[in-house]
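To start, the structure itself, in structure tokens.
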Amino acid sequence: MNAINGTVLTYGQTGAGKTHSMEGPSIQTNDPKLKGILPRVTQIIFDLIERADEAAEFLIKLSMVEIYMEKIRDLLDTKKDNLQVKENKLHGIFVAGVTEKYVQSEKEMLQILQTGLANRAVGQTLMNCESSRSHCVFLLTIQQSDIEDRSIKTGKIYLVDLAGSEKVEKTGAEGKLLCEAKTINKSLSALGNVINALTSDKPCHVPYRDSKLTRILQDSLGGNSRTALLCCCSPSTLHASETLSTLRFGTRAKLIKNKPRVNSERGRHELESLLQKSYQECDQLRAQLLMSSARLRSLNQGMPFDAEANLKDSIDPVKLSDKLINKFPTRLPQTTGDVFELHKEIFVESLLEESFDKTQFSDLTDYKCDEEHYAQEQLRQHLDEEKLFLSAQDDTAKTIRVLQESLEKLMDEKSKLEKLNKGLEMELLACMRLLHDPTKAAVGMKWPTITSSVHGRIHANPRSAVQCQFKLLNMIDTASICCLWRSSLTKVRNIIGQTRRA
């Protein structure tokens with residue numbers, strides 16, 4: 001309400017009561033003893049507005065986001081699930097594109113809060129049946145404008161319900177819950193690193209950008225804000241180590257030194273006075289410039305410089321009176337020479353001051369040039385890195401295309417081999433059926449006995465030689481076919497084995 005930013009954070013292990021402290025048993029509970037921080041802050045704000053001066057106008061905006069799996073989600077518009085944190089001179093650090101609701105009463109604000117909280121990500125673990133799986137940030141912006149001088153004061157308050165740190169062996173998190181727990185612990189670790197850097201004895205880099213949480217809370221941690229940290233601990237002795245860790249975290253955070261200031265815009269009267277003062281300074285500087293130009297012209301032309309005539313219009317009366325008192329403490333100067341001598345001293349001092357200002361300006365210009373050169377070098381390095389990255393991307397794309405072509409060829413060869421394998425298997429089955437045919441198998445196995453009996457019959461009855469010759473030829477053909485089948489079967493088996501190994 002005084003245009004000073006504020007932040008309240010709840011920190012602790014899972015199931016320690018952070019969300020209960022922030023919301024209470026319900027966001028719209030009527031029992032004043034059971035109300036959480038959110039409904040209490042809402043009530044206090046509207047009570048102060050009712051008691052404020054009639055010349056003041058108030059504008060209140062509310063926005064709610066959660067940081068889930070390192071993505072910023074808008075709780076008042078669930079379609080916005082990956083918002084970005086940005087920074088500029090006008091707004092400072094802010095979440096771009098977040099939904100802002102204008103509220104006019106306590107009841108309306110509580111209804112909006114209840115709607116947003118219903119969209120928050122929760123899960124069930126062994127330690128908490130409604131465990132928050134994200135960090136929740138409530139932002140209230142209060143803008144106060146004065147009707148008379150049109151001055152504007154703006155204050156923001158962040159109410160942050162942090163997700164609890166978890167130990168997997170205690171929570172029994174698995175699958176999606178385990179991934180959420182890892183992300184939560186990682187962001188809390190980044191928060192601890194920021195606090196360690198801010199409280200370090202030696203100046204060091206503060207890693208605000210390591211996490212979306214620390215980036216949003218950059219002003220709250222070491223910046224333009226008054227910050228309060230509520231450490232929530234479990235009373236059970238089973239969680240003594242987590243309680244000790246929470247207390248140590250609070251002890252470190254207590255050492256952070258913030259720089260809160262009033263966020264106000266100047267009113268009309270103040271701006272008019274500043275403008276008038278600027279005009280006066282411009283007139284004085286213009287007079288000094290004219291005096292210096294006249295002196296330079298007189299020196300270049302070899303003419304004596306009438307300091308008394310040029311100084312009358314350029315000497316600051318306040319400075320002249322101070323000089324008079326210092327040089328003549330008991331009496332004022334009586335002669336024109338004394339006055340002229342005093343004028344000369346003031347003029348010399350002004351020239352020395354001007355020379356000193358020019359030297360400072362030259363040093364500042366050199367420093368700015370060095371900064372500009374360094375920025376150009378950084379930009380050049382960045383462009384070179386971009387070129388290398390783009391060339392690496394092109395090489396990677398070419399490699400991917402070559403691999404895709406090789407993969408397509410291998411797939412074609414695989415399909416051909418599969419077709420060949422099926423054909424060979426069909427031939428193998430046909431060969432196996434032929435081999436198991438009892439008539440052809442018998443001929444192959446009894447060939448020696450058949451030949452000996454045929455020879456005996458031919459010697460006994462020469463007339464039957466022709467008939468036996470035809471029968472013998474048929475048997476020879478059958479035996480040859482069996483031998484060919486066996487050799488073909490061996491080749492087929494070898495080919496199938498090679499195909500399977502390939």
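Report the residue count in the stretch 143-200 for those that are of a type in the set (Lys, Arg), in contact with a strand residue (DSSP E or B) (Cβ under 6 Å, 6 or more places away or on another chain) and either outside any strand (DSSP E or B) or not assigned by TED's automatic domain parsing to the domain that holds Met69 (or both).
Adding up the residues that qualify gives 0.
Looking at Gly17, is it at pLDDT below 95 and buried (at least 20 other Cβ atoms within 10 Å of the Cβ)?
no
Looking at the stretch 45-60 only, could you name the residues that are within 35 Å of the chain's Cα centre (by Cα) and either modelled with pLDDT of 95 or more or surrounded by 15 or more Cβ atoms within 10 Å (Cβ to Cβ) (or both)?
Correct list: Ile45, Phe46, Phe58, Ile60.
Considering (1) buried (at least 19 other Cβ atoms within 10 Å of the Cβ); (2) of a type outside the set (Lys, Arg); (3) part of a loop (DSSP other than H, G, I, E, B); (4) without any contact (Cβ under 8 Å) to a residue 24 or more places away in the chain, say which one Pro235 fails and leave the rest.
The one condition Pro235 does not meet is (1).
Just the residues that are assigned to a helix (DSSP H, G or I) and closer than 30 Å to Glu148 by Cβ, please, taken from the stretch 31-59.
Result: Val41, Thr42, Gln43, Ile44, Ile45, Phe46, Asp47, Leu48, Ile49, Glu50.
Of the numbered conditions (1) at pLDDT below 90; (2) closer than 30 Å to Lys259 by Cβ, Gly6 fails exactly one; give the number of that condition.
(1)
Starting from the stretch 146-160, take each residue that is surrounded by fewer than 19 Cβ atoms within 10 Å (Cβ to Cβ) and list its partners that are of a type in the set (Asp, Glu) and part of a strand (DSSP E or B), counting only C-beta distances under 6 angstrom and pairs at least six apart or across chains.
Every condition considered, the pairs that remain are Ile152/Glu265.
Does any residue of the stretch 283-303 turn out to be under 30 Å from Glu169 (Cβ atoms), charged (D, E, K, R) and modelled with pLDDT of 70 or more?
The answer is no, given that none of the residues of the stretch 283-303 is under 30 Å from Glu169 (Cβ atoms), charged (D, E, K, R) and modelled with pLDDT of 70 or more.
When Met22 is evaluated against the numbered criteria (1) farther than 25 Å from Leu213 by Cα; (2) assigned to a helix (DSSP H, G or I), which criterion, by number, is the only one it fails?
Against the list (1) farther than 25 Å from Leu213 by Cα; (2) assigned to a helix (DSSP H, G or I), Met22 comes up short only on (1).
Considering only the stretch 60-79, I want to know if a residue exists there that is closer than 30 Å to Ala240 by Cα, of a type in the set (Phe, Trp, Tyr) and either outside any loop (DSSP other than H, G, I, E, B) or without any contact (Cβ under 8 Å) to a residue 60 or more places away in the chain (or both).
yes
The values are calculated or read from the model by the stated rules, or taken from the named source; none is laboratory data. What you see is a predicted model, and the numbers here were worked out from it, not measured in a lab. Glycine gets a Cβ as well: all are built from the backbone with ideal geometry, and neighbour counts include every protein chain shown.
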